[in-house]
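This report concerns only the one structure given below.
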Amino acid sequence: ERQESTMGSPVRKASSMGSPRMSNNVRVMVRVRPFNKREIELSKEAGVQLKCVVQMEGAVASVLDQEDDFESVKEGMAFEYDNCFWSIPDEHCEFFSMSSNGFADQQQVYERTGKDALANAWESYNTCIFAYGQTGSGKSYSMLGTSHGEHMGISPRIVENLFAQIEIDRTEKPKTIYRVEVTFLEIYNEQVKDLFAKNKNADYAAVKIRQHPLYGVQVHGLEAKEVSTSEQCKSEMEHGIGQRALASTKMNATSSRSHAIFQIHIYTCRVSSDLHEWRNDGHAVST
């Protein structure tokens, strides 16, 4: 972690900036969610005004000092990221303005995350988007959201744009055939479960994680679903989401109590004369 001085205050580097090559390999971004229903109701019951404890200016996200009534940045708590997404709507900001970045909706978040991940997958690189945060911080909404409409998350938007690109390539490259397979797994209580299993109460022990000497970490026993359209892929995704472990928490009435990995495998087949050869570049998009 490096520190630099910005306008007289130290800013910690939370991103991979510094090396042009590395900045393309790993990007670190942060998103501020809106106040949830519980927070709004508690503020009304207590008769106090909601206050945001974070401010965003460009690529810098800062934690405000409670001892100064959140009027100044807490010492050592300003962090620079590759992107900062401010997703608190204007109606929640009536009495304060903590960002000059403008409101970031689901599409804008996708443009800076999933779009680049998909572009790299087309270049035969494995790509991964990893969402991290405490319970109720909005991970599932950012990654999954809904399967249609403006609230679509990163994963379903990747799916839609993937198949749109395939349709374009089928016209421009008629001798190239595509095959897309998806897997969906859950890690809960340090055990792995296939979310495509027909039985919601399927045994977690049926899927094993193995280390392959050539291909690295592999998950054996997962059912791979071949999909040919974005709607079919999103339908399989919705089925898997319905299999996840959920529980009520103080922050979220239907909190996902597990880690989940949705993986898209893209294969191409180039037709040469009478020879069809599938090219497995190992490129995949993991979310």
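The values are calculated or read from the model by the stated rules, or taken from the named source; none is laboratory data. In this text the structure is predicted, and so the values were computed from the model without any measurement. Heads up, the Cβs are rebuilt from the backbone with ideal geometry, glycines too, and the neighbour counts pull from every protein chain shown. Surface accessibility is based on the protein's heavy atoms, side chains included, excluding ligands, DNA and RNA. Shrake-Rupley method; radii C 1.70, N 1.55, O 1.52, S 1.80 Å.
What to note about this one:
- Complete set of residues in the stretch 40-53 that are within 31 Å of the chain's Cα centre (by Cα), over 22 Å from V73 (Cβ atoms) and either exposed (fewer than 10 other Cβ atoms within 10 Å of the Cβ) or not β-branched (V, I, T) (or both): E41, L42, S43
- Residue check, I168 among the hydrophobic types (A, V, I, L, M, F, W, C), in contact (Cβ under 8 Å) with a residue 12 or more places away in the chain and either out of contact with any helix residue (DSSP H, G or I) (no Cβ under 6 Å at 6 or more places or on another chain) or closer than 28 Å to C269 by Cβ (or both): no
- Residue in the stretch 82-92 that is assigned to a strand (DSSP E or B) and open to solvent by 30 Å² or more (accessible area, probe 1.4 Å) present: no
- Hey, A104 modelled with pLDDT of 90 or more and in contact with a Phe, Trp or Tyr (Cβ under 7 Å, 6 or more places away or on another chain) or not: yes
- Filtering the stretch 147-177 to residues that are closer than 15 Å to Q232 by Cα and hydroxyl-bearing (S, T, Y) leaves S147, S155.
- Test: residue in the stretch 104-114 that is part of a loop (DSSP other than H, G, I, E, B), crowded, with 17+ Cβ neighbours inside 10 Å, out of contact with any helix residue (DSSP H, G or I) (no Cβ under 8 Å at 6 or more places or on another chain) and β-branched (V, I, T): no
- Scope the stretch 186-198; condition open to solvent by less than 50 Å² (accessible area, probe 1.4 Å) and polar (S, T, N, Q); matching residues: none
- Considering G216, G153, G221, the condition of being closer than 18 Å to T127 by Cα and more than 21 Å from the chain's Cα centre (by Cα) is satisfied by G216 alone.
- Leading residue by the ranking (nearest to Q107 (Cα to Cα)) among those in the stretch 151-185 that are open to solvent by 30 Å² or more (accessible area, probe 1.4 Å) and of a type in the set (V, I, T): I168
- Residue in the stretch 172-185 that is assigned to a helix (DSSP H, G or I) and over 20 Å from the mean Cα position of the chain (by Cα) present: yes
A quick yes/no check of all residues on (1) modelled with pLDDT under 90; (2) within 20 Å of G114 (Cα to Cα); (3) out of contact with any Gly (no Cβ under 9 Å at 6 or more places or on another chain):
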residue	(1), (2), (3)
L144	no, yes, no
G153	no, yes, no
I168	no, yes, yes
E186	yes, no, no
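- Filtering the stretch 42-63 to residues that are part of a strand (DSSP E or B) and either touching a residue at least 24 places away in the same chain (Cβ under 8 Å) or over 25 Å from D105 (Cβ atoms) (or both) leaves V54, Q55, M56, E57, V60, A61.
- Considering the stretch 188-224, and only residues there that are outside any strand (DSSP E or B), modelled with pLDDT of 85 or more and in contact with a Leu (Cβ under 7 Å, 6 or more places away or on another chain), the residue that is nearest to H239 (Cα to Cα) turns out to be L195.
- Scanning the stretch 225-255 for residues that are in a loop (DSSP other than H, G, I, E, B) and among the hydrophobic types (A, V, I, L, M, F, W, C), we see that the one that is modelled with the lowest pLDDT is A253.
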